[in-house]
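Here is the structure we will look at, set down as structure tokens.
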Amino acid sequence: MDDFPRIFQQSLQKPLLLDVPLRAHSTFRIGGRARYFFEAEALPELAAAIGLCRRRAQPYYLIGGGSNLLFDDAGFQGLIIKNNCRGVALREGEEVEVLSGNRLSGVVEFAAAKGLEGMEFLAGIPGTLGGAVFGNAGAYGQAIGDLLQEAVLLDRQGEEIKVGADFFQFGYRRSSLRVSHVVLLRAVFGLRRGEEAGIRARMAEYLAERRANHPPTGTACAGCYFKNPVLPDGRKVSAGKMLDESGAKAVKWGDAAVSAKHGNFIVNEGQARAEDVLRLAEELKKRVRERCGYELEEEVIFLPAIASMP
Ligand code: EPU
């Protein structure tokens, strides 16, 4: 008998949701149903849900804004925990402390309103703070990891640990969170005192740049689908440009297509399935391999319906 929902209710004093359509939690608007779903509104709840899953060997997956993620058409055979733990506060000096489930846009707005500069390049990036740190989100030559000073994590034993920036081993779209199976609870960012008007003007410039080069806000997609290949000297080759030159914009699979605006955005034109996106991605990789000699690597994470325990 399936007694996990009962045990969850007893342990957290909150119910699990059952058979929740994941497309509603995906900016791609793709995905079947999650067997169990729970939205954590506070850090103790988040820790308790993860701890219970670990003790019961219950497969789970933690999501933020669902903006860099492709859910399976078969959904997820386990518990999807959505991190909705929000909070942003000013610390002494020019530091801002943020809970991991906070929207990144909310953090950027908070910093601007307080006249703190350094985060403008993050304007327009969707998702949560946790997701942004996990994937070291960035744009225009900067990344969120450059600003992080310290953080509190939940380790595999369910203990809170305080770490410095070096723990994360930030690289291009990379952090140790991807492999270490610890969970970011909150983080502190070091900013600089500035003028609100100037900060807002720079945010507007970055947003205009995005509007000009990316598909319109609200397009069903997950941002850039592939990482830019990095050369041995650290320079990056634009995946979008190579895809464009490889004729990617003319390729479709079902309702999965490449944005006419940018070759590295796979978009859901209506009823695309994960399978369509995966097949299209394979075709795109093949084209770039044959034409340019690069093996593209996915930036978007595909979550299979049956996943091993993290
Ligand atoms: N280009 C084309 N055709 C295209 C797309 C791009 O010719 O279809 C050309 C552009 O004209 C430009 C060059 O390729 O000369 C680079 O394009 P872009 O400035 O859009 O940068 P990118 O390397 O494609 C990266 C990040 C974006 C980030 C922008 C801005 C990756 C995979 N992509 O894109 O991040 O917003 O720089 O800094 O790192 C994301 O990670 O989801 C993402 C969108």
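Would you confirm whether any residue within region 39-48 is closer than 22 Å to E275 by Cα, surrounded by fewer than 18 Cβ atoms within 10 Å (Cβ to Cβ), without any contact (Cβ under 8 Å) to a residue 12 or more places away in the chain and of a type outside the set (S, T, N, Q)?
No: zero hits.
Can you confirm whether D19 is surrounded by fewer than 19 Cβ atoms within 10 Å (Cβ to Cβ) and on the phi > 0 side of the Ramachandran plot?
Yes: the conditions hold for D19.
What pairs come out if I take residues in region 160-181 that are within 25 Å of Y140 (Cα to Cα) and pair them with residues that are acidic (D, E) whose C-beta lies under 8 Å away, six or more apart or interchain?
Every condition considered, the pairs that remain are G164/E150; A165/E150; F170/D146; R173/E299.
Pick from region 259-271 the residues that are in a loop (DSSP other than H, G, I, E, B) and more than 13 Å from the ligand (Cβ to nearest atom): which of them is nearest to D72 (Cα to Cα)?
Checking each candidate, the answer is Q271.
Quick check on region 65-90: of everything there that is of a type in the set (D, E, K, R) and under 18 Å from the mean Cα position of the chain (by Cα), which residue is most open to solvent (accessible area, probe 1.4 Å)?
Per the stated criteria, the residue is R86.
On the basis of being surrounded by 14 or more Cβ atoms within 10 Å (Cβ to Cβ) and away from the ligand (no atom under 13 Å from the Cβ), does A256 make the cut?
yes
When you look at E45, is it in a strand (DSSP E or B), closer than 19 Å to L129 by Cα and acidic (D, E), yes or no?
So E45 does not fit the description; no.
Please specify each residue of region 231-253 satisfying the condition of being at pLDDT 95 or above, open to solvent by 40 Å² or more (accessible area, probe 1.4 Å) and either more than 12 Å from the ligand (Cβ to nearest atom) or not in a loop (DSSP other than H, G, I, E, B) (or both).
K241, D244, E245, K249, A250, K252, W253
Which one of these is in contact (Cβ under 8 Å) with a residue 60 or more places away in the chain, within 11 Å of the ligand (Cβ to nearest atom) and under 29 Å from E150 (Cα atoms): G198, G223, G194?
G223
Would you be able to tell me the number of residues in region 211-220 that are closer than 25 Å to G31 by Cα, aliphatic (A, V, I, L, M) and within 11 Å of the ligand (Cβ to nearest atom)?
0
Listed residues A260, A274; which is closer than 30 Å to C53 by Cα, outside the structural domain of R54 (by TED's automatic domain parsing) and small (G, A, S)?
A274
Which residues, taken from region 48-80, are among the hydrophobic types (A, V, I, L, M, F, W, C) and in a strand (DSSP E or B)?
If the condition is that a residue be among the hydrophobic types (A, V, I, L, M, F, W, C) and in a strand (DSSP E or B), then L62, I63, L69, L70, F71, F76, L79, I80 are the ones that fit.
The values are calculated or read from the model by the stated rules, or taken from the named source; none is laboratory data. Since we're looking at a predicted model, the values are computed, not measured. Note that each Cβ is placed from the backbone with ideal geometry, even for glycine, and that neighbours are counted across all protein chains shown. Just so you know, the surface numbers come from the protein's heavy atoms only, side chains and all, with ligands and any DNA or RNA stripped out. Shrake-Rupley method; radii C 1.70, N 1.55, O 1.52, S 1.80 Å.
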